[in-house]
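Novice: Could you have a look at this structure, given as structure tokens, before my questions?
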Amino acid sequence: MKHSHGRVIDVTTLPDLDRRLAAGVSSLAGWRIVGLDLTDRGPALLERSLGGALFLGCDFTDGEDDVVRRAGAIVLPEIPGIPVDTYRSTLYSPGDLYDAPRYHDTLDARAYAWSRRGTSRENTLAMALHDHHVDTALAAWVAGRDLVGVMGGHALERGSPAYAAAARLGHALGGHLTVATGGGPGAMEAANLGAFLPDGLDDALGRLAAVPSFRPDVGAWARVALDVVGATSGGRETLGIPTWHYGHEPPNVFATAIAKFFANAPREALLLQVCTGGIVFLPGAGGTVQEIFQDACENYYAGRTAVAPMVLLGRRYWTEELPVWPLLQALAAGRPMEPHVHLVDTVEEAVQVVRDTLSRRGDG
């Protein structure tokens, strides 16, 4: 919904609404008013032209919502019994999802449990509305930021050499770009951790190793990580894009911004889309292999200037254990993506590929 200048205006607090109304606007076309108690604002709203305005999850005096509709606005009420804000205008923070001492009581756990109760029309609508608004919030968050993705398996345990390597990768990349991951545990958590911490990585790795996995106790796993976050000054921005579709994989708290979706397919597509600085693929299983070839498909059909680098880290893994590399190399042959597909063996090589890509873009 856009007004004559093509902009959407999000209004999410009453003081902001009052300030805008006091400025003497005559039309609310293009306004998206979200989650406000408007029981005392009806007369002020109805003095303006409401055609093209959108009211999401707002409260009105009895019958006033119908008057607003007849004035040309779209009014979508809050859906009762939904644990999440279906019209939220920002991404989640770790504190939003881990909002209770026991994991079972957190918003993250409650949202997953609710999503498993069935697909009534109301639930399906609520999930779709929620994911649409998280998508919009994600687009606003990534605007103006250069992101590099790190993808890898969720089963990687804290305290392992591979976890430490993923954290070092995130730390090195985070000095140049904003690191984005699938937002879950394992390699994803490690990359978000390294990117988030400006220093003190070795100490944090040691503290986290006390609780190696989110199994069997997500609460204990999250608490030690939240302690690390609380002890960190000047943490860097990182992004996580998890999903309640894989509700058994809890979100990690080192992503400072979390775009959590109910649906998985759009979440995966968006993760690839926002990583304009390329993606580093760490050893993983089925999910990581799917992400590699989903990214390869995007690059296969992309124009020369739209190809994003793909860096597979772990030569023996990607050529012997899961021999993805030969097929990827054959797919890229003769295409614009061919020089942008890389197989490396060390964190330092992976970081260098990404830095070289940045340098070439800067020169261009």
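Novice: Select from region 220-246 the residues that are of a type in the set (Gly, Ala, Ser) and open to solvent by 10 Å² or more (accessible area, probe 1.4 Å) and list them in ascending order.
Specialist: Residues satisfying the conditions are Ala220, Gly230, Ala231, Ser233, Gly234, Gly235.
Novice: What's the number of the only condition in (1) open to solvent by 60 Å² or more (accessible area, probe 1.4 Å); (2) under 30 Å from Pro77 (Cα atoms) that Thr136 fails to meet?
Specialist: (1)
Novice: Also: Could you say which residue among Thr256, Thr232, Thr238, Thr243 is over 30 Å from Leu129 (Cβ atoms) and hydroxyl-bearing (Ser, Thr, Tyr)?
Specialist: Only one candidate qualifies: Thr232.
Novice: Within the bounds of region 201-219, is there any residue that is surrounded by fewer than 16 Cβ atoms within 10 Å (Cβ to Cβ) and closer than 19 Å to Leu282 by Cβ?
Specialist: Yes.
Novice: Just to check your reading of the model, which residue among Arg110, Arg69, Arg116 is in contact with a strand residue (DSSP E or B) (Cβ under 6 Å, 6 or more places away or on another chain) and over 19 Å from Leu138 (Cα atoms)?
Specialist: Arg69
Novice: Still on this model: In region 271-288, what count of residues is obtained for those that are in contact with a strand residue (DSSP E or B) (Cβ under 6 Å, 6 or more places away or on another chain), under 16 Å from Leu322 (Cβ atoms) and assigned to a loop (DSSP other than H, G, I, E, B)?
Specialist: 1
Novice: Next up: What number of residues in region 304-338 are modelled with pLDDT of 95 or more, in a helix (DSSP H, G or I) and open to solvent by 40 Å² or more (accessible area, probe 1.4 Å)?
Specialist: 12
Novice: Please specify each residue of region 349-364 satisfying the condition of being open to solvent by 90 Å² or more (accessible area, probe 1.4 Å) and more than 26 Å from the chain's Cα centre (by Cα).
Specialist: Those that are open to solvent by 90 Å² or more (accessible area, probe 1.4 Å) and more than 26 Å from the chain's Cα centre (by Cα): Arg360, Asp363, Gly364.
Novice: Would you say Val25 is of a type in the set (A, V, I, L, M, F, W, C), closer than 23 Å to Trp141 by Cβ and part of a loop (DSSP other than H, G, I, E, B)?
Specialist: When the stated conditions are applied, Val25 does not pass them.
Novice: Restricting to region 146-168, name every residue that is in a loop (DSSP other than H, G, I, E, B), open to solvent by 50 Å² or more (accessible area, probe 1.4 Å) and at pLDDT 95 or above.
Specialist: Leu156, Glu157, Gly159 - these are the residues of region 146-168 that are in a loop (DSSP other than H, G, I, E, B), open to solvent by 50 Å² or more (accessible area, probe 1.4 Å) and at pLDDT 95 or above.
Novice: I'd like to check something: does region 12-25 contain any residue that is open to solvent by 60 Å² or more (accessible area, probe 1.4 Å) and aliphatic (A, V, I, L, M)?
Specialist: Yes, region 12-25 has at least one match.
Novice: With in a helix (DSSP H, G or I), open to solvent by 30 Å² or more (accessible area, probe 1.4 Å), out of contact with any helix residue (DSSP H, G or I) (no Cβ under 6 Å at 6 or more places or on another chain) and in contact (Cβ under 8 Å) with a residue 24 or more places away in the chain as the only criterion, which of Glu78, Glu122 stands out?
Specialist: Glu122
Novice: What are the pairs, 6+ residues apart or on separate chains, where a residue within region 234-257 that is modelled with pLDDT under 95 has its Cβ under 9 Å from a residue that is of a type in the set (S, T, N, Q)?
Specialist: Partner pairs satisfying both residue conditions: His245/Ser115; His245/Asn264; Tyr246/Asn264; Gly247/Ser115; Glu249/Thr243.
Novice: Just to verify a result, which residue in region 266-292, among those that are more than 23 Å from Leu358 (Cα to Cα) and modelled with pLDDT of 90 or more, is most open to solvent (accessible area, probe 1.4 Å)?
Specialist: Going through the qualifying residues, I end up with Gln290.
Novice: Against the condition open to solvent by 20 Å² or more (accessible area, probe 1.4 Å) and in contact with a Phe, Trp or Tyr (Cβ under 6 Å, 6 or more places away or on another chain), how does Pro83 come out, does it pass?
Specialist: yes
Novice: Kindly provide the set of residues from region 213-232 that are small (Gly, Ala, Ser) and either in contact with a strand residue (DSSP E or B) (Cβ under 8 Å, 6 or more places away or on another chain) or in a helix (DSSP H, G or I) (or both), ordered by number.
Specialist: The answer is Gly219, Ala220, Ala222, Ala225, Gly230.
Novice: Under 9 Å between Cβ atoms, which residue pairs at least 6 apart in sequence (or on different chains) link something in region 195-214 that is more than 14 Å from Ala165 (Cα to Cα) with a partner that is exposed (fewer than 14 other Cβ atoms within 10 Å of the Cβ) and charged (D, E, K, R)?
Specialist: Val211/Asp217
Novice: Restricted to region 50-75, and to residues that are on the phi > 0 side of the Ramachandran plot and touching a residue at least 24 places away in the same chain (Cβ under 8 Å), which residue is surrounded by the fewest Cβ atoms within 10 Å (Cβ to Cβ)?
Specialist: In this case the residue turns out to be Gly52.
Novice: Please indicate, with yes or no, whether at least one residue in region 89-98 is out of contact with any Cys (no Cβ under 9 Å at 6 or more places or on another chain), free of Cβ contacts under 8 Å to residues at least 40 places away in the same chain and either among the hydrophobic types (A, V, I, L, M, F, W, C) or over 30 Å from Phe254 (Cα atoms) (or both).
Specialist: No, the conditions are met nowhere in region 89-98.
The values are calculated or read from the model by the stated rules, or taken from the named source; none is laboratory data. Remember, it's a predicted structure, so these values are computed and weren't measured experimentally. Backbone-built Cβ (ideal geometry, glycine too); neighbour counts: all protein chains shown. Just so you know, the surface numbers come from the protein's heavy atoms only, side chains and all, with ligands and any DNA or RNA stripped out. Shrake-Rupley method; radii C 1.70, N 1.55, O 1.52, S 1.80 Å.
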